[in-house]
Each structure stands twice: as C-alpha cells, then as structure tokens.
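Read the structure below first, then the notes.
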Amino acid sequence: MNIFDLYLDKIIILIKKLNKDGSLEIPKSLKGINVDIPPSNFDCDISTNVAMVLSKVNKKSPIDIANTLIDLIKCEDEQIETISVAKPGFINIKFKAIYWNNFIKDINKNYKNFGVNIKEQKKRYLVEFVSANPTGPLHVGHCRGAILGDVISNILIFNKHDVSKEYYVNDYGNQIINFTKSVFYRIREILNNEKFPVDNPDLYPGDYLVDIAKHIIDNNKNLKFNQFEDVSKELTLLGVAESLKLIKTNLANLGIVHDKFTSETQIVLNKEVEKVIENLKEKKLVYEGKIKAPQGEDGDNWVEREQLLFKSTDFGDDKDRALQKSDKSWTYFASDVAYHNNKLNRGFDVLINILGADHAGYIKRITSVVEALSSGKRKLVCKVSQLVKLIKDGKPFKMSKRKGDYITVEDLILEVGKDATRFIMLNRSSDVELDFDFAKVKEKSKDNPLYYVQYCFARISSVFRHVDLNINKDLDINEYNFDYSNDEIKILKKIAEWPKCIEAASLRLEPHRIPVYLYELSSEFHSYWNMGKDDPSKRFINDQKKIPNDKLVFLKVISNVIRSGMNIVGVDTPEKM
C-alpha cells in the first residue's frame, strides 16, 4: 500500500473529470504532479503540488486553484480530517484516525509485498560487479563496490525485476601472464628451494600464492614444472581457478553469490572481438586514425601511430578510442566492447556496471559503445563506488599485510563481521568517500547505525517472547477498531514512507537510502519505547501481562519493515542482543 501513489491517482482522476466538465484545463503531461512527504513542521500527513502544475495552463495563481480543489478533494474522501493550502500553493492533507486503522490492517495482511512498486514496468537487469582480476583474494577496495552491486540487485529483485548478478573474469592479458609466472616461481620455491624473485616488480609477492602453489602441486602430481613455457597454459587455468576459489570464499563471507562468471579468455577464443568490430565497421563507427597526446602528457615524447579507432565522439566522448594497438593486438577496451555486446545479445533490458573510483573516466566510452551496438535501444548505467578510509583510534588503519601489500576483505570481516561491513559500507551515498571507523562500528549506542536498527528488532522480539508469541508467525487479527495516539501515528507515517524509499532506491540505484531509512524508523521506535518509562499508555505489556491487539499489530508491522529492509541490505535481524 503506497499512500502517496493512491492519492496521486485520486487527484489525477479528479482533475481529469474537471477537465472533461470544462471547468479546468490540464497540461498534456501530468508527470510533474506529485504527492509527497510534507515538511515536519506542517501538521499534515501528505502534500501535493497539483495546483502549482495547473497554474500556468489555467492562467490562475496556484493559491486560487488550490482553494478550488480542496473542497472537491475532501468531498471525495471521508477519511480526510483536514485539508489546507500553504504558500506557494501546496495542498496539505491530514487523515482521520480511522485511516491509520485501515492502513495498518492492509500492511499487516500484505506485508510480503509492502513496499513493492507494482506500477513499475518489470525488466531484465544484468548487474556486473566486483570483476576484480583473478590474481588473489579481494582487498578492502573491492568491498564497497561488491556490497553496492549486491544490494542494488537485491532492491531490484525485491521490486520483482528479473536480475542476474555477474562477475567478469579478466583472465586474459599481461596481468594473468605475470600472475601465472608468480605461481610458477612459488612452485619452484616449494619443490626446488629456489628463491622467489622478490625484486621483479611485475610479479605478485603475496604469501597467499604459497597456498595456491601447494594446492596445485598436491592435486596435479603428473605435471612437470621444469620450464615455464611448457606448463604455462595449464598453469594459467589452474592458477586462475584457485584464485577464483579464494574470491568466491571472500564473497560468500560477505553474503554475496554471483549467478554467472563470464571469462574474458572465452570471449577472445570465441572470436567475439573480431565479430563485434565487424559489426561496428558495418555501422561505419570505426576507422584508421591517430590519437593525439592525452591532456597532461608530454606532447614531444608522444608518438602518434595509425590505430583502429571507435568513433566515441559521435556519442559525446571527448575523443575517439583505440580498439587495436600498433602491433595489431586488441586493446583491453576492444575485449570490453565484445563483452558488452555479449551482454546485449543475451536480451537484457538494462545493463548496470559497478566501477571503482579509478574507473570513472572509463564510463563515457563504454556507455557510448552500448548505445552504438544497440542503436540506442538499450541502456548501460554505471555506478561509481568511491574510496573507503579505514579509521582506528582516530588514525588511518593499516592491518596485517601478510597476504600482500593490501588489506583484505577477510581481514575486515574478521575485525568487525559481515553485518557491520555491509551496513556501514552502505551508510553513505556511493559517490562520496566513506570513513569506516572501527570504534563506532563496535559501539553499542545510537552512534552505531547497525546496532541501533538490530536493537530495535531485538526489543520488539523481546516483547513477543515475554508473552509467549513467535515474532516470525503471521498475526491473525479480525478487529482493527484501534485508536492510535499521535506518537504512534508518527511512527505509522514513517512506515508509510517505506514504499517511497524503495521507489527512490530502485529508480536512482541508490541503496544507501535503505539503511538511512531503517535508522530513522528505529530512532522513532526507540524514542517511543523510552516514553513508556514515564507513561504507562506507551508500554506494550499491560498490567495483566498481555499485549493489547493495537500494540501487538503496531509492533508487528514495524518488525516486518525492519526485517524486509535488513534482508535487502543482507544483514541479520537477531531476536536477542
């Protein structure tokens, strides 16, 4: 039940009826009309800008139009207590108490779908995220983007879209050759006591490679490791497979499971790069040309070479992009073009890429390619995950470097746990840097958003437990003749915002809205709970050691929304803390 959409529909039906009667003009598009949450200093439940949208076409002031509409709106709805006009022309509506009875009845009976945007056209989404090189365990830099992609996917799934979570395995190119050589030298170190060439800057020095090398030795007794060239092909497959095991374990510990892992090597071996280049040639979107020195590069030392270029500037990019190097080998961009063509060929309506902060400059060229390949019929949306600063004792935190010269996801989870990692990584918009303060994450106070939300659910669970009720079972209440107080209605109004929160998070792909909303709802609940210390009417358990039905369903709908939101975020709701 989305009360904002319900009243938007009612208002649009009314003004269309007035237009048909000839008493009101309406614009061609009514998309500018909205019903929204009013500012907290107004004593009303919902507010609409309809009068301001209709002002210009009717050549009247918004105030005049609003004064005309308010009596008609109230006449149509007996659940409205008061309706008023506020400058510059907002119409503010306050409901009778009976309205909130009907509201709580509806969302208790239909709690599984409460918040789902039933109006939104259902689509097929492919969300690609993490896609770290398969050269070792995930580091903390991957963590925020991984959680961002997973929760965006969860929001879309909650809204009944068809979603596929995908990981692109960059198992082709120089970094994989260097990784395979690193594994080879670790194997030689174990078998022949040969010193690992730590001075070679191209190699991966992490101790995790010792474990990978041992697994390969133990499970491949027939392989000979005398010459790198003789074993490189098989060793690449084995090394990448072992690395992906590590990555999948890291992701599983974060609560993330991808539906598909797509290999860059398979894209290349299937000649998909050549095929997509031919496609672009047919569209006359590639040519042989030269690229000028990038801005900030020394032009005197820059050598212009003939290269195969994609006409990225036709789609708003600042320069055309190279598909082929001067030695005729394909660029990384060319493989990426083939991969995105592969995505398009699988029939998804919307493609979403989660990129690290260092890839923000890559967005325009890859969105241009998707536009070119789909003839503008498909959309690629890129979300950038900004940097995370780890703070401990008020200072930047450097954890153990045992696994290489970076802090691993495993280290972070061991320090604070999966739930704190997921919730706090989402607590700010992904396009701004995030300070991850270990002290605050572990606090049992209002300053720790995760604790405060989980404590809200645990408190509600304790009330149910006290009277031998199972919070996980549906409530079967027949009579909803309740008289909720203003303090309780304040919380019900916050619950009514849940569908609006989901709608914004889904349409804008902004999952931080979920934990922010859950924290606000929990804060309202804790404030109400504390009132019970002085006011017996605010207590949930009465003198007969029972919960009245109005309080019971009130608690139940709060717990349902908390659980629903925490499921989307991928965080537990413990019944005891």
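For region 221-245, a residue qualifies if it is open to solvent by 60 Å² or more (accessible area, probe 1.4 Å) and within 24 Å of Asp411 (Cβ to Cβ), and exactly one does: Lys245.
Considering only region 445-459, state which residues are modelled with pLDDT of 90 or more, farther than 17 Å from Lys418 by Cβ and of a type outside the set (A, V, I, L, M, F, W, C). Residues satisfying the conditions are Tyr452, Tyr455, Arg459.
Can we say Lys383 is out of contact with any Lys or Arg (no Cβ under 7 Å at 6 or more places or on another chain), at pLDDT below 90 and assigned to a strand (DSSP E or B)? Answer is no for this residue. Scanning region 495-528 for residues that are part of a loop (DSSP other than H, G, I, E, B) and among the aliphatic types (A, V, I, L, M) yields a count of 1.
Among the residues of region 445-478, the one identified as closer than 29 Å to Phe397 by Cβ, loosely packed, with under 15 Cβ neighbours inside 10 Å and touching a residue at least 60 places away in the same chain (Cβ under 8 Å) is Lys446. Restricting the first member to region 40-60 and to residues that are in contact (Cβ under 8 Å) with a residue 60 or more places away in the chain, and the second to residues that are of a type in the set (Ser, Thr, Tyr) and open to solvent by less than 20 Å² (accessible area, probe 1.4 Å), the beta-carbon pairs closer than 9 Å and six or more apart or on different chains are Asp45/Tyr99. When region 178-236 is filtered for residues that are over 35 Å from the mean Cα position of the chain (by Cα), in a loop (DSSP other than H, G, I, E, B) and of a type in the set (Phe, Trp, Tyr), the ones remaining, listed by number, are Phe196, Phe225. A search for C-beta distances below 8 Å between a residue of region 153-173 that is farther than 21 Å from Gly136 by Cβ and any residue that is buried (at least 20 other Cβ atoms within 10 Å of the Cβ) and of a type in the set (D, E, K, R), counting only pairs 6+ apart in sequence or on different chains, returns Ser153/Lys165; Lys165/Asp150. Just one of the listed residues (Leu138, Leu148, Leu156) is surrounded by 22 or more Cβ atoms within 10 Å (Cβ to Cβ), over 30 Å from Met1 (Cβ atoms) and touching a strand residue (DSSP E or B) at 6+ places or on another chain (Cβ under 8 Å), and it is Leu138. Filtering region 224-241 to residues that are without any contact (Cβ under 8 Å) to a residue 60 or more places away in the chain and among the hydroxyl-bearing types (Ser, Thr, Tyr) leaves only Ser232. Highlighted here are the strands (runs of 3 or more DSSP E) found entirely within region 24-116 that include at least 2 residues which are over 30 Å from Phe158 (Cβ atoms), open to solvent by 10 Å² or more (accessible area, probe 1.4 Å) and of a type in the set (Gly, Ala, Ser): 80-86.
Taking region 532-553 as the range and being open to solvent by 70 Å² or more (accessible area, probe 1.4 Å) and either within 30 Å of Arg144 (Cα to Cα) or under 38 Å from the mean Cα position of the chain (by Cα) (or both) as the test, the residues that pass are Arg539, Asn549.
Does Leu237 fit the bill of being closer than 30 Å to Arg346 by Cα and out of contact with any strand residue (DSSP E or B) (no Cβ under 9 Å at 6 or more places or on another chain)?
yes
Can you tell me how many residues within region 475-494 are part of a loop (DSSP other than H, G, I, E, B) and within 37 Å of the chain's Cα centre (by Cα)? Adding up the residues that qualify gives 6. A single member of Lys556, Lys576, Lys500 is open to solvent by less than 10 Å² (accessible area, probe 1.4 Å), among the basic types (Lys, Arg) and in contact (Cβ under 8 Å) with a residue 24 or more places away in the chain, and it is Lys556.
Suppose we keep only residues that are charged (D, E, K, R) and free of Cβ contacts under 8 Å to residues at least 40 places away in the same chain within region 93-136. Which one would you say is nearest to Leu237 (Cα to Cα)? Top of the filtered list is Lys112. Scanning region 559-573 for residues that are assigned to a helix (DSSP H, G or I) and either within 15 Å of Asp468 (Cα to Cα) or open to solvent by less than 10 Å² (accessible area, probe 1.4 Å) (or both) gives Ser559, Val561, Ile562, Gly565, Met566, Ile568, Val569. Within region 425-444, take every residue that is open to solvent by 30 Å² or more (accessible area, probe 1.4 Å) and assigned to a helix (DSSP H, G or I) and give me the one that is farthest from Glu415 (Cα to Cα). Among them, the one singled out is Lys440.
Just one residue in the set Lys379, Lys364 is in contact with a Gly (Cβ under 7 Å, 6 or more places away or on another chain), basic (Lys, Arg) and either open to solvent by 30 Å² or more (accessible area, probe 1.4 Å) or more than 27 Å from Ile176 (Cα to Cα) (or both); that residue is Lys364.
Yes or no, residue by residue, for (1) open to solvent by less than 30 Å² (accessible area, probe 1.4 Å); (2) at pLDDT below 95; (3) not β-branched (Val, Ile, Thr):
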| position | (1), (2), (3) |
| --- | --- |
| Asn253 | no, no, yes |
| Val268 | yes, yes, no |
| Lys275 | no, no, yes |
| Val286 | yes, yes, no |
| Glu304 | no, yes, yes |
| Ser326 | no, yes, yes |
| Thr331 | yes, yes, no |
| Arg346 | no, no, yes |
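Residue-level analysis places Ile491 outside the set of residues that are under 22 Å from Lys546 (Cβ atoms) and touching a Leu at 6+ places or on another chain (Cβ under 6 Å).
Condition check ((1) surrounded by fewer than 16 Cβ atoms within 10 Å (Cβ to Cβ); (2) over 23 Å from Lys260 (Cα atoms)) across all residues:
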{"residue": "Ile152", "(1), (2)": "no, no"}
{"residue": "His161", "(1), (2)": "no, no"}
{"residue": "Asn170", "(1), (2)": "no, no"}
{"residue": "Ile177", "(1), (2)": "yes, yes"}
{"residue": "Lys181", "(1), (2)": "no, yes"}
{"residue": "Phe184", "(1), (2)": "no, yes"}
{"residue": "Glu189", "(1), (2)": "no, yes"}
{"residue": "Asn193", "(1), (2)": "yes, yes"}
{"residue": "Asp199", "(1), (2)": "yes, yes"}
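Considering each residue of region 5-21 in turn, none proves to be surrounded by 13 or more Cβ atoms within 10 Å (Cβ to Cβ), on the phi < 0 side of the Ramachandran plot and at pLDDT below 90.
The values are calculated or read from the model by the stated rules, or taken from the named source; none is laboratory data. Nothing here was measured: the structure is a model prediction, and the numbers come from that model. Cβ sites come from the backbone with ideal geometry, for glycine too, and all protein chains shown count toward neighbours. For the accessible areas, the whole protein counts, side chains as well, though only heavy atoms, and no ligand, DNA or RNA atoms are used. Shrake-Rupley method; radii C 1.70, N 1.55, O 1.52, S 1.80 Å.
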